[in-house]
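Worksheet for the structure shown next.
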Amino acid sequence: MSETNNNDANPKKEFVKATRSQKKGSKEILRLGQKVYDYRKDLLSEEDAQNLQSANDGLKKALSEKPLSGTQLEEKAKEVDVQLQKSGDLYYHKKSWFENVEMLLVAAIVVIGIRSFFVQPFIIPTNSMYPSFSGMQPHVYEDKESTPGFVGRFVDKLFLGASHFSLEAESSGNLYLKLQGQMSFRFDDAKFPEGRFFIFPATVREYVFEVGGKDHVLRVPAEFDLDELIAKRFAGVESLQDLPLIVTQDQGFPSNRLKLSDKHFNKGDLLLGFDILLGDALFVDRFSYNFVHPKSGDPAVFRTGSIDEFNRKIGTGVVSQIGEDKYYIKRLVGEPGDVLQMKVPESIFTNGTDVRKGVPGVVYRNGIPLNGKTAFDRNRKRVEDLASDPNAVPDDAFPGYRAEGILTNQATIKVPKANENPTGKKAFFAMGDNSTDSLDGRAWGFVPENEIIGRAFLVYYPFTKRWGFAD
């Protein structure tokens, strides 16, 4: 009788240490196996669910052993794979696109949730809050040699959000601006590549210049007012209204033009070259106002959709209306129950102060001049300086508040409380820091509390001196 060799009858498997890829693959298939079991166990038969969970447990145990056996991991992972083939449905073998879609949906929900309840990005289009916040600002180039090249434009675009515009003479002659009806421009629709983000249609302002009888068209964003730039660049005046109007006949119809310059331009000359710097992009804190009420001095962002109707119902007596549903940013100067009054220093009327952009005055809140914020203090100081010296050089760009609309000289208004108006809503009064260039509560009245979105708290782009926390 031959002797039995136990080692030959029960050969031991050679131990092979698990590789890094085997560990990673096993963990991934275990994750999917557990996910399928958690999501679909109610839909599976009792046997299928039990088999899947048993396979998961086997692989989990194999992963917990030290040292890890590559052979055992592959066997246990194969068992889970077999069960997933049978019970995985959309979660297995289609996991790549399925999980990508799932990830995108989750990301979208998170972004919408953050935007709706915590912070919302907002780009300031106008300069009604300058210099606290800047809207679109121009940077003018004197001649063709000073305009930046491709690299310079790229750097300006990256750090300042600057877009370059230029207009060259295609003929020789004097420079005129052709009026569009009673306006200096007309609105037009811009598509690719001028549209927003190069894709979405956008509204632009279209200006038509004339040199030597040839039209030259320049299109800029609808929010950007090119009029003041044109007036200062070519004639050194504040407004196009200061330029001579020339009426000619164009194909039998009267054509109105403004003569911009006596200079004779030659073909190829740079008529106008400038950058439009992006308005400040900031984050709006939508969270805090769920716990605290808006306060005087807050730079608040609000929607305008119901403001006209609100002021009509409470009988504010305003003449102007906003007429659209947009986001505005202004500084709150009055809370419910506050009494506001505008006082113009007597010397302003007699000392020769330039009042073409409104009569400078000091705003009082409950009998005390507005204070506690840089914008309040600097605007008040500017008015005091003008009262003592009409030619006083400003320390900064705050122009001083202007007596206009429902807040004219000596006018007193009370910000309505919720129980003092038929709407039952609290109201706030808002003004722009740049009072000479702000369509605000002086024109259209009060802001209902339910329209206030939040408080501007951080300028995150572009990288200028205003970058950082908002005041």
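Summing +1 for each Lys or Arg and -1 for each Asp or Glu, what net charge is found among the other residues whose Cβ lies under 11 Å from the Cβ of Phe234?
After counting each charged neighbour, the total is +3.
Around Thr147, with a cut-off of 15 angstrom between Cβ atoms, what is the net charge of the other residues, counting Lys and Arg +1 and Asp and Glu -1?
Working: positive: Lys144, Arg153, Lys157, Arg233; negative: Glu142, Asp143, Glu145, Asp156, Glu168, Asp269, Asp275.
Local net charge: -3.
With a point put 7 Å past each Cα toward its Cβ, work out how far Ser45 is from Leu158 in nm, to one decimal.
6.3 nm
Can you give the FRET efficiency to the nearest 0.05 for Arg466 and Asp188, using r as the Cβ-Cβ distance and R₀ = 25 Å? Please list the in-between numbers first.
Numbers: r = 32 Å, r/R0 = 1.26.
It comes to 0.20.
Order these peptides, 334-344, 391-401, by their mean beta-carbon neighbour count within 10 angstrom, highest first.
The packing order, highest mean first, is 334-344, 391-401.
Restricted to Cα positions, what overall size does the stretch 212-325 have along the principal axes? Three whole-Å values, descending.
Projected onto its principal axes, the Cα set of the stretch 212-325 covers 64, 33, 24 Å.
To make sure I understand the rule: partners must be aspartates and glutamates, Cα under 20 Å from the Cα of Lys86, and not fewer than 8 residues away in the same chain. Which ones qualify?
Output for Lys86: Glu28, Asp38, Asp42, Glu46, Glu47, Asp48, Asp57, Glu74, Glu75, Glu99.
Sorted by packing (mean other beta-carbon atoms within 10 Å per residue), highest first, where do 409-417, 28-36 land?
28-36, 409-417
Rounded to whole Å and ordered largest first, report the semi-axes of the equivalent ellipsoid of the stretch 137-277 derived from its Cα gyration tensor (root of 5λ).
Gyration-tensor ellipsoid for the stretch 137-277: 26, 19, 14 Å.
Quick check on packing: order 210-221, 447-458 by the mean number of other C-beta atoms within 10 Å, highest mean leading.
Most protected by this proxy first, the peptides run 447-458, 210-221.
Normalised by the empirical 2.2 N^0.38 Å for globular proteins, what value does the Cα Rg of the stretch 16-93 take?
1.06
Projected area of the stretch 262-349, taken from the Cα convex hull and averaged over every viewing direction, in nm²?
Result: 12.7 nm².
With Cβ to Cβ distances under 11 Å as the rule, what net charge do the other residues near Ala403 carry (K, R +1; D, E -1)?
Its environment carries a net charge of +2.
So what's the gap between the Cα centers of the stretch 107-160 and the stretch 290-325, to the nearest angstrom?
After rounding, the separation between the Cα centres reads 26 Å.
So if each residue of separation counts as 0.36 nm, and I subtract the Cα-Cα distance between Val319 and Ile109, what length gain in nm does that give?
Taking 0.36 nm per residue and subtracting the Cα distance, the gain is 71.4 nm.
For the chain, what is the mean residue ellipticity at 222 nm derived from helices alone (per DSSP H run of n ≥ 4: -39500 (n - 2.57); sum divided by total residues; nearest 500 deg cm²/dmol)?
-8500 deg cm²/dmol
Over its Cα atoms, what ratio of radius of gyration to 2.2 N^0.38 Å does the stretch 281-469 give?
1.03
Can you bin every Cα-Cα distance in the chain into 20 Å intervals starting at zero and give me the percent of pairs per bin, rounded to whole numbers?
Whole-percent P(r) values from 0 Å outward: 18, 36, 23, 15, 6, 2, 0.
Only the coordinates and a few stated rules stand behind these numbers; no lab work does. Everything numeric here is computed off the predicted structure, so don't read it as measured data. Neighbour counts are summed over all protein chains in view; Cβ atoms, including those assigned to glycine, are modelled from backbone coordinates with ideal geometry.
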